Amino acid sequence: MSRVLKSGSNQITCTYAQHCANVAAGKAWAKGADVVKYKAQIDKITAHSAGRVIKVVDYLGGTNGIVDDEGMGYGNYVMILHDGNYVTLYAHLEAVYVREGQTVAQGDEIGFMGNTGNSFGAHLHFEVRKYKAVPAGNLHDVSAYEWLDAQEWLDKEFPGVASVEVKAGAKFDLRDTPVYNSESGKSYGRRSGIYYVWSDEVKNGRIRMTNSAAHVGMNKQVSFWVSIDDIALLESNAETVTTAPSPAAEKTYTVKAGDSLWAIAAKQLGNGGRYKEIMSLNELKDDVVYVGQVLKLPE
Ligand SMILES: [Zn+2]
């Protein structure tokens, strides 16, 4: 049986390698695999895996070289986004049974094989793409994804995205990751580098992150929202901060006018001689303190 054909098994009429060679030779624009139903040829098309329909073109009739409004020769086609930013594309359909935004389960009928677009003879042109982030804007911007071997993936399950550790304090190495100024708000650009999950709370598929372990659950000033889907891509970098500072357990003292380290130690710790402990705890090079300075105090 097939993951993309309703009732038959796959017969490859143009391999992924041939597609790649054609693209390299300038004779084709997309890397996929062409599939028909073994012996009978045409069939209903089914969703390779569960996901969300992110693109539907279904206004094209006719065949042979006809392109859509975006200049693509896919004819009538469907794109489905799966966990992990894998996308499958089903092209040259005669009929489309789904609409954009719809959620589908694996095996759901999404269309009927056809010969629309730049196609010579009814077949399914099937693509698998791996996007760097949740696809947005121009889905065919080749800098946003890479083609995977559609033939290899034709009957294979995508690696499930392991559930993401969103515990407060979890540490991620962002890599040009899109960020937002609120859980549903505007784009805030992209960030790279080490950031920490601010709290366990997930809103709209997004979590708040901050730039310092010390801000976790405390200071929202340097924070932004990131899509869980994007974070999932970074999971191999995840490393929960186990020694996140516990603010409640930490005693501090704010230096006032006239204070000296000796006086602070005497008053706060009951022994002026312990000023050296304050110095080492706060990594002070000398015993000079200034008004407003926040000092950590030993137990
Ligand atoms: Zn093809």
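The values are calculated or read from the model by the stated rules, or taken from the named source; none is laboratory data. For clarity, every value in this text was computed on a predicted model and none was experimentally measured. Glycine gets a Cβ as well: all are built from the backbone with ideal geometry, and neighbour counts include every protein chain shown.
Overview of results
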| quantity | calculated |
| --- | --- |
| Meets criteria (farther than 29 Å from E299 by Cβ, modelled with pLDDT of 80 or more, among the hydroxyl-bearing types (S, T, Y) and not in a loop (DSSP other than H, G, I, E, B)) for S192 | yes |
| Among residues of region 111-159, those that are within 18 Å of N85 (Cα to Cα), of a type in the set (S, T, N, Q) and within 12 Å of the ligand (Cβ to nearest atom), counted | 0 |
| So I80, is it more than 15 Å from the ligand (Cβ to nearest atom), over 21 Å from A40 (Cβ atoms) and crowded, with 23+ Cβ neighbours inside 10 Å | yes |
| Residue match in region 173-181 (condition: crowded, with 20+ Cβ neighbours inside 10 Å and of a type in the set (K, R)) | no |
| Residues within region 1-20 that are in a loop (DSSP other than H, G, I, E, B), more than 10 Å from the ligand (Cβ to nearest atom) and not aliphatic (A, V, I, L, M), tallied | 6 |
| Candidate set from region 216-238 (those that are part of a loop (DSSP other than H, G, I, E, B) and not small (G, A, S)); member that is modelled with the lowest pLDDT | L234 |
| Candidates Y86, Y74, filtered to the one that is within 15 Å of the ligand (Cβ to nearest atom) and either under 24 Å from E152 (Cα atoms) or not polar (S, T, N, Q) (or both) | Y74 |
| Selection within region 21-63 - touching a residue at least 12 places away in the same chain (Cβ under 8 Å), within 15 Å of the ligand (Cβ to nearest atom) and not in a strand (DSSP E or B) | W29, A30, K31, G32, T63 |
| Any hit, region 160-181, residues being within 16 Å of the ligand (Cβ to nearest atom) and modelled with pLDDT of 90 or more | no |
| Residue check, E201 surrounded by fewer than 19 Cβ atoms within 10 Å (Cβ to Cβ) and part of a helix (DSSP H, G or I) | no |
| Matching option when the condition is more than 26 Å from the chain's Cα centre (by Cα), of a type outside the set (K, R) and surrounded by 15 or more Cβ atoms within 10 Å (Cβ to Cβ), among L60, L154 | L60 |
| Condition check for E70: acidic (D, E), surrounded by fewer than 19 Cβ atoms within 10 Å (Cβ to Cβ), in a loop (DSSP other than H, G, I, E, B) and within 28 Å of the chain's Cα centre (by Cα) | yes |
| Residue within region 90-100 that is under 26 Å from A17 (Cα atoms), in a strand (DSSP E or B), in the same structural domain as V56 (by TED's automatic domain parsing) and within 27 Å of the chain's Cα centre (by Cα) present | yes |
